[in-house]
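Here is the structure we will look at.
The values are calculated or read from the model by the stated rules, or taken from the named source; none is laboratory data. Since we're looking at a predicted model, the values are computed, not measured. We place every Cβ from the backbone using ideal geometry, glycine too, and count neighbours over all the protein chains shown.
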Amino acid sequence: MVIPINQLIIAPFAILCRKFNMKPLKNIQILEFAGLGPAPFAAMILADMGANVTRVSRLPIDGTASKPVIAVGTFLNRGRKEVFLDLKSAKGAAKARALAKKADVLIEGYRPGKMESLGLGPQELMALNHRLVYGRMTGWGQTGPMAHLAGHDINFLGLSGILNTLGEKDRPPVPPLNLIGDFGGGGMYLAFGIASALLRARETGCGAIVDTAMIQGVTHLASFVHGQRAQGRWQDERQNNLIDGGAPFYRCYETSDNRYMAVGALEPVFFGNLLAVLELTKQFLPYQNNRAIWPEMIKAFECRFAEHSFKRWVKLFENVDACVTPVLNFDEASRHPQMVDCYEQRDGVMQPSSTPKLLSPIVDK
């Protein structure tokens, strides 16, 4: 039997790739100290990639651990085992040190100095486990005049300058839920830092302290805006810029039944397609970037979108390459055909699925 040369080349690769279904962080042991928001989110991301996460939770007030703290529906806590320890007791702290000695990663989100006061700081634990990746999550950082203070997403956005860019002019800034500080600037950076440190630990045998602060994360997330400012292409007044609702072709418009359509037709080809559906090509096609025309264009768009219902506009823009989408609520979003892969059933509850997907280059026939 003659085997084609391409099969001879692909065969070993295919055998190797059959192991691809193994999640990339399988056998990585993570010790997570229970907290809120960004640290659990980072642990969830790593658990979704196959890491074995053990959460250290406080004992309930009555001193028993009969009821699980990790409840169905608290999606950030999925994929965990759980142990209950009194970290202020010598016995509990000793147990935590024993767990850290066997771990690849530790995650904590306490205020600066808290873990050190428990005898569980990075110096103590990394002396026991040189390969330990010690992930720290704070709001303001480990140092600085505000390091000891509490803060929430809105505070980090406020101090960083980001909150000043969000919302309508002549109105108070609008916080974007807690997506930017807690999760974008916090948990995502912590997970990325931990994954990076794990790679280095594999190469060198040495762990690292992953020092993550939400104030630093949100500032880094705003690199594009800072770049625009450096080029003189960003004004501090809200709704006076290309992507903050100032441009007619990058904002939301109300329909006749009080729903909204999201318009993001930045590029000329999409702007042209938008105008074609709105039947406003002759009036505005040459003037996309003429800021003097923007107020008039906004009014015209508002009037046109107000002529039809939400359902009608969704139909009109269906399959039109104009960067126009409906503004859906969560229930509607979960049922949209494009969103099917974004959700999954876990423990009988629909919730966002893990991402990104790691796909094998070999497709079984």
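Computed quantities for the displayed model
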quantity	calculated
Inter-residue pairs, beta-carbon under 6 Å, first free of Cβ contacts under 8 Å to residues at least 60 places away in the same chain and in segment 191-210, second of a type in the set (Phe, Trp, Tyr) and in a helix (DSSP H, G or I), 6+ apart	none
Options PRO268, PRO248; residue that is surrounded by fewer than 15 Cβ atoms within 10 Å (Cβ to Cβ) and free of Cβ contacts under 8 Å to residues at least 60 places away in the same chain	PRO268
Condition check for ALA333: closer than 22 Å to ARG171 by Cβ and surrounded by 14 or more Cβ atoms within 10 Å (Cβ to Cβ)	no
Selection within segment 275-330 - among the acidic types (Asp, Glu), on the phi < 0 side of the Ramachandran plot and touching a residue at least 24 places away in the same chain (Cβ under 8 Å)	GLU302, GLU307, ASP321
Any chance GLU82 is in contact with an Asp or Glu (Cβ under 9 Å, 6 or more places away or on another chain) and either small (Gly, Ala, Ser) or not in a loop (DSSP other than H, G, I, E, B) (or both)	no
Qualifying residue in segment 165-184 (condition: over 26 Å from ALA103 (Cβ atoms), of a type in the set (S, T, N, Q) and in a helix (DSSP H, G or I))	yes
Residue that is farthest from the chain's Cα centre (by Cα), among those in segment 218-236 that are touching a residue at least 60 places away in the same chain (Cβ under 8 Å) and surrounded by 13 or more Cβ atoms within 10 Å (Cβ to Cβ)	VAL225
Residue count, segment 331-365 (criterion: small (Gly, Ala, Ser) and on the phi > 0 side of the Ramachandran plot)	1
Of all residues in segment 126-179 being at positive phi and free of Cβ contacts under 8 Å to residues at least 40 places away in the same chain, the one that is surrounded by the fewest Cβ atoms within 10 Å (Cβ to Cβ)	ASP170
Any hit, segment 321-329, residues being surrounded by 12 or more Cβ atoms within 10 Å (Cβ to Cβ), small (Gly, Ala, Ser) and more than 30 Å from ARG78 (Cβ to Cβ)	yes
All positions within segment 112-135 that are in a helix (DSSP H, G or I) and under 16 Å from ILE194 (Cα atoms)	PRO122, MET126
Within segment 277-365, strands (runs of 3 or more DSSP E) holding 1 or more residues that are of a type outside the set (Ser, Thr, Tyr) and at pLDDT below 95	343-346, 349-352
Any hit, segment 240-250, residues being of a type in the set (S, T, N, Q), within 24 Å of LEU163 (Cβ to Cβ) and out of contact with any Cys (no Cβ under 6 Å at 6 or more places or on another chain)	yes
Residue, surrounded by the fewest Cβ atoms within 10 Å (Cβ to Cβ), within segment 180-215, restricted to residues that are of a type in the set (D, E, K, R) and touching a strand residue (DSSP E or B) at 6+ places or on another chain (Cβ under 9 Å)	ARG200
